[in-house]
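*Asks:* One structure, pasted below without further comment.
None of the figures in this text is laboratory data; all of them are computed from the coordinates on show. Owing to the predicted nature of the structure, the values given are computational and were not obtained by experimental measurement. Because the Cβ atoms are built from the backbone with ideal geometry, glycine has one as well, and the counts that use them run over all protein chains shown.
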Amino acid sequence: MRAKLTARRWIYGGGLSPEWRAVARLRSAEALSRLSALRAKARGRNGDGAEAIGYLLSKDDPRRERLLVHPAFDYWLWAASGREPERLFDCVQGFAAWLACLRGESLKLGARLDAQARLNLYGGPVFLSFPRRRAGQSLRLSAQDGGLRLSLSGAEVVVAKKLLLRAAGGGAAAVGEARLGRNPELAGGLMVERSSRLVLDLVRQVDPLAGRGLPRFLGPLEEALRDIREIDPPLCEELLDAVRMIVPLRNPDGHDSVSSSFGNLRGAICLSASRDPLLQAETLIHEFCHQKLYRLLAADPVLRPGQGGKVFYSPWRRDPRRLWGALLGAHAFLNVARYLLGLLERDRLRGERREKATGAVALRLFQIEDALRTLQFYGVFTEFGAELLDGMWRELGLLWHAAQWFDPEIVEVQRQRCAEHRAKHALGATGCHGGGGDG
């Protein structure tokens with residue numbers, strides 16, 4: 001059963017409304033269906049994996065629903081359904097073990113330590129690290145009464161429920177030859193993940209944040225989240241509900257910011273460190289908006305099928321992008337521009353920072369208009385997608401109205417900047433657009 005969608009509610013933050021919850025349930029139902037299909041494949045080939053899947057399928061409750069939409073689980077489903085399903089299949093035991101601990105239920109499984117000699121309790125904040133010589137070793141795992149017992153060659157490690165809860169709350173501890181650790185937390189269950197097997201398999205250039213790197217990474221992000229909560233509370237509510245994981249990225253080329261989102265790691269934002277909370281707020285909003293539209297796909301495809309092979313000029317990049325990329329960019333920058341306008345209207349920025357933000361808003365509005373023209377001229381939308389596009393045009397007009405007090409010279413500089421980018425990078429034979437690059 002499809003959720004009834006209201007287009008305007010998906011343009012900007014709408015808080016944890018019934019519609020938001022309904023779409024989240026569609027996403028977990030989709031994960032459950034894919035998991036059921038994998039159970040049939042695992043029977044007779046991967047006994048422990050099949051048993052773990054059987055446990056995950058056995059009982060519905062809020063804990064399982066939250067695990068089903070965890071970004072690591074999203075990637076595991078994608079990998080286990082792909083060309084090399086066995087490569088990461090045994091990670092499912094980590095999900096099942098964590099769920100059994102949360103429920104206080106009994107579960108016995110075989111598992112394997114990863115290449116870093118870690119047992120990841122996927123879906124939760126904690127993990128167990130063993131000496132490197134243990135990397136890749138098999139073990140027997142037993143969950144009971146909220147705790148864990150691990151048996152491996154020549155050793156046994158017992159983690160009582162009390163110790164597991166203490167670790168989940170932030171206290172690392174030695175347990176026999178193992179170390180019980182916990183990922184850092186930003187706010188509301190938003191974890192920083194630097195080393196899990198599933199994340200490292202997909203994301204390149206992960207920054208381990210050695211030494212003082214972690215507090216330098218966390219501080220500006222925490223300030224950014226506080227600012228987002230103040231300026232746009234409904235959007236912040238959605239962000240903290242949908243995003244479960246922050247993955248720090250290296251920035252080897254010294255860009256202002258490096259960030260990314262993945263359609264098969266939904267619920268995770270990857271971004272580089274910055275000392276500027278405003279830049280981090282813009283990046284969080286931008287990448288969250290991508291996550292929001294990825295979530296929406298569980299309810300509506302937005303664009304009708306058959307358009308994936310077409311590429312078009314992108315006002316943000318040198319290379320052409322598909323229509324979905326244009327929609328992602330326009331949607332994200334609408335929200336970023338609205339956030340920056342909120343800061344300007346509250347007089348939160350002064351001097352050079354105010355002038356820079358004013359220019360950024362003007363540039364984004366010109367770019368959004370360019371992207372929306374491409375979508376309007378060339379896209380074939382679902383009924384809901386057409387309503388979404390119409391709503392984005394309206395919101396663009398309202399943002400231009402709110403920006404009418406901007407210094408005309410600043411606006412003109414950004415208009416020229418946008419036109420120069422189009423002249424340099426626009427594709428030929430897309431004659432619906434004016435400008436020097438369409439030839």
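*Asks:* Using a simple spin-label model with points 7 Å from Cα along the Cα→Cβ vector, what separation in nm is obtained for V380 and D253?
*Replies:* 3.6 nm
*Asks:* Restrict the search to the range 170-200; then list the GluC sites (Glu not before Pro) that DSSP places in a loop and that have at most 16 other Cβ atoms within 10 Å of their Cβ.
*Replies:* E177
*Asks:* Given R₀ = 30 Å, what would the calculated FRET efficiency be for K424 paired with R212, taking r from the Cβ atoms and rounding to 0.05?
*Replies:* For R0 = 30 Å, the calculated efficiency reads 0.15.
*Asks:* Summing Lys, Arg as +1 and Asp, Glu as -1, what charge do residues with Cβ under 15 Å from the Cβ of V158 carry, V158 excluded?
*Replies:* On the way: positive: K108, R140, R149, K161, K162, R166, R179; negative: D145, E156, E177.
Counting the neighbours of V158, the net charge comes to +4.
*Asks:* For the range 65-196, report the % of Cα-Cα distances exceeding 27 Å. Intermediate results must be reported in sequence, preceding the final value.
*Replies:* Numbers: 1116 of 8646 pairs.
Roughly 13 percent, once rounded to a whole number.
*Asks:* Run through the range 286-393 and list the trypsin sites (Lys or Arg not before Pro) located in a DSSP loop whose Cβ has at most 16 other Cβ atoms within 10 Å.
*Replies:* Filter output for the range 286-393: K310, R317, R318, R322, R346, R348, R350.
*Asks:* Mind scanning K41/K108; K108/K162; K292/K356; K108/K292; K310/K424; K59/K108 and naming the pairs with a C-alpha gap bigger than 25 Å?
*Replies:* Working: K41/K108 21 Å; K108/K162 20 Å; K292/K356 27 Å; K108/K292 37 Å; K310/K424 20 Å; K59/K108 17 Å.
Beyond 25 Å: K292/K356; K108/K292.
*Asks:* Please compute, for the alpha-carbon atoms of the chain, the extent along each of the three principal axes and give them in descending order in Å.
*Replies:* The Cα atoms of the chain stretch 73, 46, 38 Å along the principal axes, largest first.
*Asks:* How would you classify the range 1-158 from its alpha-carbon gyration tensor, with a ≥ b ≥ c the square roots of the eigenvalues: rounded for a/c under 1.5, else prolate if a/b is greater than b/c, otherwise oblate?
*Replies:* Numbers: a/c = 2.14, a/b = 1.88, b/c = 1.14.
In terms of gyration-tensor shape, prolate.
*Asks:* Please go through the range 1-106 and write out the trypsin sites (Lys or Arg not before Pro) that DSSP classes as loop and that have at most 11 other C-beta atoms within 10 Å. Could the numbers behind the result be given before it?
*Replies:* Working: sites: R2, K4, R8, R9, R21, R25, R27, R34, R39, K41, R43, R45, K59, R63, R64, R66, R83, R87, R103; in loops: R2, K4, R43, R45, K59, R83, R87.
In loop regions of the range 1-106 (DSSP not H, G, I, E or B), the sparsely surrounded trypsin sites (Lys or Arg not before Pro) are R2, K4, R45, K59, R83.
*Asks:* Another question about this same structure. Expressed in nm², what is the orientationally averaged projection area of the convex hull enclosing the Cα positions of the range 210-368?
*Replies:* For the range 210-368, averaging the hull's shadow over all directions gives 10.5 nm².
*Asks:* Now for a different question. In Å³ and rounded to a whole number, note down the convex hull volume per residue for the Cα atoms of the range 357-415.
*Replies:* Once divided by residue count, the hull of the range 357-415 is 69 Å³.
*Asks:* Calculate the translational D of the range 301-432 in whole µm² s⁻¹ from Stokes-Einstein, where the hydrodynamic radius comes from the Kirkwood formula applied to all Cα pairs, the temperature is 37 °C and the viscosity 0.692 mPa s.
*Replies:* Numbers: Rh = 15.5 Å.
The Stokes-Einstein estimate is 211 µm²/s.
*Asks:* I'd like to know which of A426, M392, A242 lies farthest towards the positive end of the charge dipole of the chain, counting +1 on Cβ of Lys and Arg and -1 on Cβ of Asp and Glu.
*Replies:* Sorting the options by dipole projection puts first A242.
*Asks:* Here is a further query. With the chain treated as a Gaussian network of Cα nodes joined by springs under 10 Å, which of S259, S36, S196 yields the largest mean-square fluctuation?
*Replies:* With Cα springs under 10 Å in the chain, the top fluctuation among S259, S36, S196 is at S36.
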